[in-house]
Amino acid sequence: MKKAALITGASSGIGAATAIEYAKNGYFVYLMARNKERLQEVAAQCRSGASIVSCDVTDVAALNKRLDEMLTAKIHRIEVVVNNAGIYQTHSTEEGTDEIWMKQFEVNLLGPVRIVRAFFPYFKEQGGGSIVNISSTLGLRPGGSNSSYSASKAAMVNWTQSLALDGGPHKIRANCVCPGIVDTPIHSFHHLDSEQKTITLEKMKSLQPLGRIGTAEEVAKAAYFLGSDLSSWTTGAILSVDGGINLT
Ligand SMILES: NC(=O)c1ccc[n+]([C@@H]2O[C@H](COP(=O)([O-])OP(=O)(O)OC[C@H]3O[C@@H](n4cnc5c(N)ncnc54)[C@H](OP(=O)(O)O)[C@@H]3O)[C@@H](O)[C@H]2O)c1
C-alpha cells in the first residue's frame, strides 16, 4: 500500500505548500478544507496522487463521517496527519466574546483533537504514525490583541506533548511547528494592494533577526521533516520556524 498523509487546511497557504511537499516526496495526500475549488487546484499540483476531503472541521458529524470513510477504506497506509487548518482573529480583551473564543478553539484545537482521536486506534493497529500540529510563535509568546488565538495555539503546544507521551509506547510520534510571520491569506496585510503591502512588509522585516518574514514552503519543509521518517527519533518537539522572532 502506498504511504499517505492527511493535511488539513490544504486549500491555502501553509497547508497547500505542505501537501505539495509531501506529494513531492512520494506520499498520496488527503487534502482537507472547506473550499473544494481551491483543493482541486492544490490536488492538481500533487503528482503522487491526491484525494479531496471537503469538510468543515467544526462540523462534527461531517468530520467523523469523512474520517470514518478515510480510515476504513484501507486503500493507502496513512502514516502522517498534519493538523494545519486554523483561523486568526484579533480583538481587545473587552471585545473577546464567548463566540469568538469558542470559534478559535473549535477550529484551532477541537478540530485537531477530533481528528487525532479518530486516528489513534488506526495508528495503533498499523504499528505507528506521526502527528504534526501547526501551532504558532504566538502559542509560545502571546500578543495583546490576539489572546483567543494565542491561547488556542498554546493549548496545541501542550496537547502535542501529551500526545507524545501517550502515543510513544505505540510508536505514535507527535510534534509541533511554531511558524512566525508568513505571507498567507490568514493575514489582513496579505490582501493589501502591492504598494501598501510593501510598506507593511518593510516594517515587519526588522522584527526578525533573519531580516524577513517566511514563506509557506519554508514551514512546509519543517512539517515534512517532523511528519516523515527523517525525524524518526523525535517526539514532543516544538520547532520554531520563525526567522528568530521568538527570541526578540
Ligand atoms: N501565516 C502565518 O503567519 C502563520 C503563523 C503562525 C501560525 N500559522 C498557522 O498556520 C496554519 C495555516 O495558516 P495559513 O497561514 O496557511 O492561513 P490560510 O492561508 O488562511 O489557511 C488556513 C487554512 O485553514 C482552512 N480552514 C479554516 N477554517 C476551517 C474549517 N472550519 N474547517 C476546515 N478547514 C478550515 C482554510 O481552508 P478553507 O477556507 O477552504 O476551509 C485554509 O486552507 C494555521 O493554523 C495558522 O494559525 C500561520
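Taking the criterion of being more than 12 Å from the ligand (Cβ to nearest atom) and at positive phi, the residues of segment 201-243 that qualify are Gly211, Gly236.
Taking first residues from segment 39-50 that are on the phi > 0 side of the Ramachandran plot and modelled with pLDDT of 95 or more and partners that are hydrophobic (A, V, I, L, M, F, W, C) and not in a loop (DSSP other than H, G, I, E, B), the Cβ contacts under 6 Å between residues at least 6 apart in sequence or on separate chains come to Gly49/Phe28. With respect to Asn175, is the statement that it is under 26 Å from Val42 (Cα atoms) and touching a helix residue (DSSP H, G or I) at 6+ places or on another chain (Cβ under 7 Å) true? For Asn175, the condition - under 26 Å from Val42 (Cα atoms) and touching a helix residue (DSSP H, G or I) at 6+ places or on another chain (Cβ under 7 Å) - is met. Considering only segment 119-159, state which residues are in contact with a Ser or Thr (Cβ under 9 Å, 6 or more places away or on another chain), in a strand (DSSP E or B) and farther than 27 Å from Leu207 by Cβ. Passing the criteria: Ser130, Ile131.
In a residue-by-residue description of segment 39-53, the property of being farther than 21 Å from Phe123 by Cα, hydroxyl-bearing (Ser, Thr, Tyr), surrounded by fewer than 21 Cβ atoms within 10 Å (Cβ to Cβ) and within 11 Å of the ligand (Cβ to nearest atom) applies to no position.
Rundown of residues vs (1) touching a strand residue (DSSP E or B) at 6+ places or on another chain (Cβ under 6 Å); (2) within 15 Å of the ligand (Cβ to nearest atom), yes/no style:
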{"residue": "Lys3", "(1), (2)": "yes, no"}
{"residue": "Gly9", "(1), (2)": "yes, yes"}
{"residue": "Ala16", "(1), (2)": "no, yes"}
{"residue": "Ile20", "(1), (2)": "no, yes"}
{"residue": "Ala62", "(1), (2)": "no, yes"}
{"residue": "Glu79", "(1), (2)": "yes, no"}
{"residue": "Thr90", "(1), (2)": "no, yes"}
{"residue": "Thr93", "(1), (2)": "no, no"}
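Total residues in segment 7-34 satisfying the condition of being in a loop (DSSP other than H, G, I, E, B) and surrounded by fewer than 22 Cβ atoms within 10 Å (Cβ to Cβ): the figure is 4. Mind checking whether some residue in segment 160-173 is within 15 Å of the ligand (Cβ to nearest atom) and on the phi < 0 side of the Ramachandran plot? Within segment 160-173, one or more residues are within 15 Å of the ligand (Cβ to nearest atom) and on the phi < 0 side of the Ramachandran plot.
Taking the condition of being within 16 Å of Asn83 (Cβ to Cβ) and either of a type in the set (Asp, Glu) or in contact with a Phe, Trp or Tyr (Cβ under 7 Å, 6 or more places away or on another chain) (or both), how many residues in segment 168-191 meet it? Adding up the residues that qualify gives 2.
Would you say Val177 is crowded, with 19+ Cβ neighbours inside 10 Å and in a helix (DSSP H, G or I)? The answer is no for Val177.
Being modelled with pLDDT of 95 or more and surrounded by fewer than 19 Cβ atoms within 10 Å (Cβ to Cβ) is a description that does not apply to Thr235. Of all residues assigned to segment 25-32, none qualifies as being hydrophobic (A, V, I, L, M, F, W, C) and without any contact (Cβ under 8 Å) to a residue 12 or more places away in the chain.
For segment 200-207, the condition holds for at least one residue, the condition being that it is β-branched (Val, Ile, Thr) and more than 30 Å from Cys46 (Cα to Cα).
The values are calculated or read from the model by the stated rules, or taken from the named source; none is laboratory data. No experiment lies behind these values; they were computed from the predicted model shown. Every residue, glycine among them, receives a Cβ derived from its backbone with ideal geometry; neighbour counts consider all protein chains shown.
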